[in-house]
Amino acid sequence: VLKTLKSSGIRKQLGDLIVLDSLVGEESASVKLFLKVWDNDGVNGSKFTLSKPFMLELKGKNERKEEVEKGYQEYFQRKEQQADQQEELKKAMEEMKRSLMENKSLNFKEKSKLKELLKKQEELLKKQAEDEELLEKLKREEEKLGLKKEELKEEEKKVDELKPEDQEIQDLMKEIEE
């Protein structure tokens, strides 16, 4: 009875204890794997046992390249959506700021709208943090594969340009809260 595992699953369990990427070339491969472990019984002598063998499906370089490219596409799509959401949030905050200056106090509707805006901002910041983690993961995988495209560098510059807008939104929220 062989158990088949995806390579990402075994990495989560074993970490960097076993590096199997060197076994794979351009195409995918299957590897039969078992573990042999010893105890440290100094009195009766050490004994060993073998794990059940299992098949490990390793992705080839080509598949990994495709995954990195898809990951970047997904990342940039999400960033574009976030830029749109940021713009909407910024407009709503400016409207709220104007309303505050006119009325000097908040009624129940305005307070609930402000809470909603704060919640949206927190969600947006959380999504951005997740995207940054995704980007770091993609960069690490890219380095492993030895890839770096000019298009990706340009896209990264665009993403870096969006960061000052994040700060503007945070500043607006602080002004409104005060």
Members of the stretch 117-128 that are more than 14 Å from LYS91 (Cβ to Cβ) and of a type outside the set (A, V, I, L, M) = LYS119, GLU122, GLU123, LYS126, LYS127, GLN128
What single numbered condition from (1) under 31 Å from the mean Cα position of the chain (by Cα); (2) surrounded by 11 or more Cβ atoms within 10 Å (Cβ to Cβ); (3) modelled with pLDDT of 80 or more fails to hold for LYS32?
-> (2)
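Need at least 2 residues that are touching a residue at least 12 places away in the same chain (Cβ under 8 Å) and surrounded by 11 or more Cβ atoms within 10 Å (Cβ to Cβ) per element, so show me which strands (runs of 3 or more DSSP E) inside the stretch 36-121 make the cut, counting only ones lying wholly within it.
Details: elements: 36-38, 48-50, 54-58.
Of the strands (runs of 3 or more DSSP E) lying wholly inside the stretch 36-121, those with at least 2 residues that are touching a residue at least 12 places away in the same chain (Cβ under 8 Å) and surrounded by 11 or more Cβ atoms within 10 Å (Cβ to Cβ) span 54-58.
The values are calculated or read from the model by the stated rules, or taken from the named source; none is laboratory data. Small disclaimer: the values here were computed from a predicted structure and weren't measured. Positions of Cβ are generated from backbone atoms using ideal geometry, with glycine treated the same way; all protein chains shown enter the neighbour counts.
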